[in-house]
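One structure below.
The values are calculated or read from the model by the stated rules, or taken from the named source; none is laboratory data. The structure presented is a predicted model; accordingly, all values stated were derived computationally and were not measured. Cβ placement follows ideal geometry from the backbone for every residue including glycine, while neighbour counts extend to all protein chains displayed. Keep in mind that these areas ignore ligands, DNA and RNA; they rest on the heavy atoms of the full protein, side chains included. Shrake-Rupley method; radii C 1.70, N 1.55, O 1.52, S 1.80 Å.
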Amino acid sequence: MSSPWKAERVRSATTTIFAEMSALAVATQSVNLGQGFPDTDGPEFMLDEARAAIAAGVNQYPPGRGILPLRQAIADHASRHYGLDYDPETEVLVTTGATEALAATILAFVDPGDEVVALEPFYDSYAASIDLAGGRRVGVGLFGPEFTLDHAELAAAFTERTKAILINSPHNPTGVVLSDADLAEIARLAIEHDVLVICDEVYEHLTFDDAQHRPLAMLPGMRERTVRISSSGKTFSATGWKIGWALSTPELISEITAVKQFLTFVSGAPFQPAIARALNEGDAWVEQARLGLQAKRDRLAAGLRSVGLDPVIPQGTYFMTTDVTPLGYPDGVAFCRDLPVRCGVVAIPHQVFYDRVAAGRPYVRWAFCKRDDVLDEAVTRLRALA
Ligand SMILES: Cc1ncc(COP(=O)(O)O)c(C=O)c1O
């Protein structure tokens, strides 16, 4: 039900399919492979650090930009992994998850009527934040069955009104990691059209086989026009802590901070020292988690194949896509609504991530960041469909 007072600006902010599917999961006691959160915790030393911080009284407003040890750890992480140097005093902002970093960045730079080019399917907060700013999203398809970026479509998406391009790689929901050729073309167009680049890199460490995440900011001419956004949620299996960050030039970070202070003011005091420690000392844990996730990917892929589906093997993220037409469903929404009732499993239809819904119609997204016994139980239940 919507109120007659509802602002036009937030028209895309309706109850999401995630809420509908999670409610269905509870009502039908389904195995939930819908929402993307892991069911195991991050490194023990990180959890201990947060407990210790609460016990030590780290429970009041931290500094607006985040505590310096965390900003230093974020900067060191960028330098160690990518050779990208950021000044922790002026070029790092701690936010309430990547979601707030994205919202604050879009609100800081997008005016009504401005266009934001983004990879479609889009993560759902992009649409809401662009709408809040009064901007217009312009999708560039990563469409099935190949889910590759069409460079001609990308080039055609830029107009005089383009203010920014928003890139997500590794990409939710397709699991695509953009290639070096894709990154080079995005960089070329961003410079040619003189636009801001916003990079959502929350899955930066969740890449598989020989796929590697390369931040766009590493390309010549890009660091000064790029806001890199990431978060501890996916990397350290702590999606509920909501510690994220933005990295960019002092000028851009100041503008984003100005907006952030009126969204949440500050973020999660006792979690900040814990994430600082995880960033500083957690590389080995992250590598093990990545390998574990790759095995889960292969486990779910084999299971889905055994029930007659043909999964698109993701290069990154913790999501896998299938076309559900072989099971007699040309429409993923109908499939996902029936699935909990027919066999007690929840998945998410791709369509909800698209403006051009027809392109996403037959596809369904499955999260594999779950315990092996949970994945196995899901596959056992799916056999009822065959
Ligand atoms: C592509 C993408 N960006 C951002 C987020 C949100 O990150 P956070 O929980 O740190 O706000 C998610 C979470 O699912 C995501 O998939």
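Across the chain, the mean sequence separation of Cα contacts (distance under 8 Å, 6 or more residues apart), normalised by length, yields a relative contact order of 24 percent.
Please build a GNM for the chain, connecting alpha carbons under 10 Å apart, and tell me which residue among Gln60, Gln272, Gln351 fluctuates the most. Top of the fluctuation ranking is Gln60. The heavy atoms of Lys6 present about 80 square angstrom of accessible area, all protein chains included, probe 1.4 Å. In deg cm²/dmol and to the nearest 500, what is the mean residue ellipticity at 222 nm of the chain if only DSSP H runs of at least 4 residues count, each as -39500 (n - 2.57), divided by the residue total? After summing the helix terms and dividing by residue count, I get -12500 deg cm²/dmol. Each Lys or Arg adds one and each Asp or Glu subtracts one; over the other residues with Cβ under 14 Å from the Cβ of Phe236, this totals -4.
Could you check how much of the accessible area of region 246-386 is carbon and sulfur, as a whole percent, using a 1.4 Å probe? Accessible surface attributable to carbon and sulfur in region 246-386 totals 54 percent. Here, P(r) means the percent of Cα pairs in each 20 Å bin from 0 to the largest distance; for the chain it is 28, 59, 12. The calculated FRET efficiency for Glu185 paired with Asp209, based on their beta-carbon distance and R0 = 25 Å, is about 0.60.
The spacing between region 94-117 and region 243-272, judged by their C-alpha centroids, is 12 Å.
When the Cα gyration tensor is reduced to axis lengths a ≥ b ≥ c, the ratio a/c is 1.5 or higher for region 79-145, and with a/b not above b/c it is classed as oblate.
Please compute the length gained on full extension between Ile313 and Asn59, using 0.36 nm multiplied by the number of residues separating them and subtracting their Cα-Cα distance.
Values: separation 254, 0.36 × 254 = 91.44 nm, distance 4.28 nm.
Gain on extension, Ile313 to Asn59, equals 87.2 nm.
Suppose R0 equals 25 Å. What FRET efficiency, 1/(1 + (r/R0)^6) with r the Cβ-Cβ distance, do Asp194 and Phe262 give to the nearest 0.05?
Values: r = 28 Å, r/R0 = 1.12.
Step by step, r from the Cβ atoms, then E = 0.35.
If you run the Gaussian network model on the chain, springs between alpha carbon atoms under 10 Å, then out of Val357, Val345, Val138 the most flexible one is Val357.
The separation of region 157-199 from region 63-88, counted between C-alpha centres, amounts to 24 Å.
Based on Cα contacts under 8 Å between residues 6+ apart, region 274-329 shows a relative contact order of 22 percent. Return, ordered by residue number, the residues of region 242-275 whose backbone nitrogen is under 16 Å from a label point located 7 Å along Cα→Cβ of Ala52. Residues passing the 16 Å test: 270-275.
Once neighbouring chains are kept in place and the probe is 1.4 Å, which whole percent of the accessible area of region 24-178 is contributed by carbon and sulfur?
Working: 3210 of 6020 Å².
Heavy-atom surface of region 24-178 belonging to carbon and sulfur, 1.4 Å probe: 53 percent.
Students often get this wrong, so check it: of Lys163/Lys296; Lys6/Lys260; Lys163/Lys260; Lys6/Lys163, which have C-alpha atoms separated by over 29 Å? From Lys163/Lys296; Lys6/Lys260; Lys163/Lys260; Lys6/Lys163, over 29 Å: Lys163/Lys296. In the chain, the sites counted are GluC sites (Glu not before Pro) in DSSP loop states with at most 16 other Cβ atoms within 10 Å, and the longest stretch holding none of them, exclusive of the sites, is 161-386. Each label was represented as a point 7 Å from its Cα along the Cα-to-Cβ direction; for His151 and Ser254 these points are 3.8 nm apart.
Percent relative contact order of region 1-121, based on C-alpha pairs within less than 8 angstrom and at least six residues apart?
Reported as a whole number, the value is 13 percent.
Taking the three principal axes of the alpha carbon atoms in region 231-386, the coordinate ranges are 55, 37, 26 Å, sorted in descending order. Relative to the current alpha-carbon distance between Ala284 and Thr16, full extension at 0.36 nm per residue lengthens the span by 92.9 nm.
For region 1-78, what number results from the quotient of the Cα radius of gyration and 2.2 N^0.38 Å?
Details: Rg = 19.9 Å, N = 78, 2.2 N^0.38 = 11.5 Å.
That works out to 1.73 for region 1-78.
What number in nm² do you get for region 77-189 if you take the convex hull of its Cα atoms and divide its surface by four?
Details: hull surface 31.8 nm².
Here the figure is 8.0 nm², rounded to one decimal.
Quick note on region 198-256: its Rg to Rh ratio, both from C-alpha atoms and Rh being the Kirkwood radius, is 1.02.
Measuring with a 1.4 Å probe in the full set of protein chains, what accessible area per residue, in whole Å², belongs to region 259-309? Intermediate values should be presented prior to the final figure.
Values: 2230 Å² over 51 residues.
Here the residues of region 259-309 average 44 Å² of exposed surface.
With K and R counted +1 and D and E -1, the other residues having a Cβ less than 13 Å from that of Ser2 yield a net charge of +1. Put Arg228, Arg299 in order of accessible area, highest first, and with a 1.4 Å probe you get Arg299, Arg228. Overall, the anisotropy analysis places region 326-386 in the oblate class: the square-rooted eigenvalues a ≥ b ≥ c of its C-alpha gyration tensor yield a/c not less than 1.5, with a/b not exceeding b/c.
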